[in-house]
Every structure is written in structure tokens, then in C-alpha cells.
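Below is one structure, written out as C-alpha cells; comments come after it.
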Amino acid sequence: MKLNVVSRILDANERLAEQNRELFRKHNVFVVNIMSSPGAGKTTLIEKTIRALNGKIKAGVIEGDIQGTADAERIGSLGVPVVQINTGGACHLDANMIKEALPGIPLADIDLLIIENVGNLVCPAEFNVGEHAKVMLLSIAEGDDKPLKYPLMFQESKALVINKTDLKPYLDVSVDKIRKDSLSLNPSLEIFEVSARNSDGISGWMDWLSGHIHKDS
Ligand SMILES: Nc1nc2c(ncn2[C@@H]2O[C@H](COP(=O)(O)OP(=O)(O)OP(=O)(O)O)[C@@H](O)[C@H]2O)c(=O)[nH]1
Ligand SMILES: [Mg+2]
């Protein structure tokens, strides 16, 4: 009985995700869904990404948080369209929340929509929202054991951004182990090592992103 209920929720979500996908296709917008645990650096990476796009590629952002508007304010100050979703307790975004946020995003005027999911290492990966790529962000401060302990997010993502590499000298963490274990879960994962703080390594991430815009959308 419980399993039936869960599968019906996921079916309904999938139908709405397909509607969102259709809308993105119509407007030729490439959509990434960025997931990580709280504080791994999603908003910082999005800020650096928007600055690096420098208006040449037009972006919009949907911010997902349990409550508050802090992240949307950070992104809004960069002059790009942004909508804040407050889930009111839910640990992930779902397709219906994105559908309801979309009227606030001028899809006809943008090439890239970045969705920042709620900070959580598990739930966001369970829900498609109509994105073309899920992207996982792992900060090295979380430890190198995370891929094998929280495999789903790594399995569902097309790209893994390993963040906060500037902290390497202060941590007992093996980035090689993160890479090796992540690839054992998902051999086709694209992996980038960055410091969103000082923009080290950001060009590899930007090349990947730019390479998908107008191709996969
Ligand atoms: N040292 C260092 N700090 C970083 C880096 N990226 C982000 N931070 C810091 O980490 C903290 C959290 O960054 P956010 O970008 O807000 O993280 P987030 O994933 O958006 O957080 P939530 O939205 O709450 O889940 C901030 O104090 C950032 O300045 C980095 O590459 N290196
Ligand atoms: Mg954030």
C-alpha cells in the first residue's frame, strides 16, 4: 500500500517534469539542477558562473530553500531574473514547484536556467523537475567518504563539481578518492575541481556548461 502511494507521487511528478521539459524545449533553454548538502557552495558557484557568462549567455535562476530569500537576493543583485521557492519544510524541489515558479522567469529571453535545489545530500536526486542535467556539488570539507555513503546523487548526476579546493592544505581529504569512488558509481560523470571562492578551475566547468547550451536544450 505504502509503495503504491510512493509510486503514484513519483508518476505525477514525472508527468509535470515532462510538461516543464516541453516548455524548456520550446524556448530552447538548457536547464541544470544543482544539488549539494547545505553550504557546499551552490550559490557561490552560481554567482561566479553568472559573472563568467558576462551577459553573453543569458541566464535565469530559480532558488530553492526551506525558507528565506537570502540566496535569491544574492543572485538578484547580479541583475539576472530570479525566483525564490520556499518549500516550507520539504527537503527537495519537485516538478510542480518549478512549474509554479516558471511564470516569473522570462524563458523567451534566456539560454540557460540554473536551478539551485534545497541543500540536502539525498532527497533532491529522487525528483526530476524537467532539467537536462543534474549537477552535484561536493565540497572537500564534507570528507572523501561521501560518494559511497550517499550514492544516489552521484549516480543521477551528469557532472560533479568538487568545490572548496582552496581548503585542501587544511583538510585530511583525498580528492583522488572522491574521484575514484564517484566514477565507480557513475563512470560517465564529468568531474571538475574548483574553488568557487577564488574561481580556480572554473573555466572547465564553464566550458562544459557552454558546450551544452543550445545543443541539449
Ligand atoms: N573556502 C571556500 N569557501 C567557500 C567556497 N565556496 C563557497 N564557500 C563558502 O561556503 C559558505 C556557503 O556557501 P554557499 O554558496 O552559500 O553554499 P550553498 O550550497 O548555496 O548553501 P545552502 O544554499 O544553504 O545549501 C559561504 O560562507 C561561502 O563563502 C570555496 O570554494 N572555498
Ligand atoms: Mg545557497
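The values are calculated or read from the model by the stated rules, or taken from the named source; none is laboratory data. Everything numeric here is computed off the predicted structure, so don't read it as measured data. All Cβ positions, even for glycine, are placed from backbone atoms using ideal geometry, and neighbour counts span all protein chains on display. Keep in mind that these areas ignore ligands, DNA and RNA; they rest on the heavy atoms of the full protein, side chains included. Shrake-Rupley method; radii C 1.70, N 1.55, O 1.52, S 1.80 Å.
In the set (1) buried (at least 20 other Cβ atoms within 10 Å of the Cβ); (2) touching a Phe, Trp or Tyr at 6+ places or on another chain (Cβ under 8 Å); (3) not hydrophobic (A, V, I, L, M, F, W, C), residue 116 fails one condition alone, (2). Scanning the range 123-142 for residues that are over 30 Å from residue 111 (Cβ atoms) and in contact with a helix residue (DSSP H, G or I) (Cβ under 9 Å, 6 or more places away or on another chain) yields a total of 2.
Out of 108, 101, 90, one residue alone is surrounded by 16 or more Cβ atoms within 10 Å (Cβ to Cβ) and under 21 Å from residue 29 (Cα atoms). It is 101.
Tallying residues that are more than 6 Å from ligand 1 (Cβ to nearest atom) and within 11 Å of residue 116 (Cα to Cα) within the range 36-51 yields 2. Go through the range 4-36 and give me each residue that's part of a loop (DSSP other than H, G, I, E, B), away from ligand 2 (no atom under 11 Å from the Cβ) and not hydrophobic (A, V, I, L, M, F, W, C). Residues satisfying the conditions are 27, 28. The criterion of at least 3 residues that are within 16 Å of ligand 2 (Cβ to nearest atom) and touching a Ser or Thr at 6+ places or on another chain (Cβ under 8 Å) is met by the following strands (runs of 3 or more DSSP E) wholly inside the range 49-161: 59-65, 133-139.
I'm checking my understanding of the structure. Among residues of the range 182-217 that are outside any loop (DSSP other than H, G, I, E, B) and more than 14 Å from residue 161 (Cα to Cα), which one is most open to solvent (accessible area, probe 1.4 Å)? Going through the qualifying residues, I end up with 184. Every condition in (1) in contact with a Phe, Trp or Tyr (Cβ under 6 Å, 6 or more places away or on another chain); (2) away from ligand 1 (no atom under 12 Å from the Cβ); (3) farther than 26 Å from residue 211 by Cβ is met by residue 121 except one, and the failing one is (2). Of all residue pairs spaced 6 or more apart or on separate chains, those with beta-carbon atoms under 7 Å, a first member in the range 138-166 that is within 15 Å of residue 187 (Cβ to Cβ) and touching a residue at least 24 places away in the same chain (Cβ under 8 Å) and a second member that is assigned to a helix (DSSP H, G or I) and among the aromatic types (Phe, Trp, Tyr) are 147/154; 159/208; 160/154.
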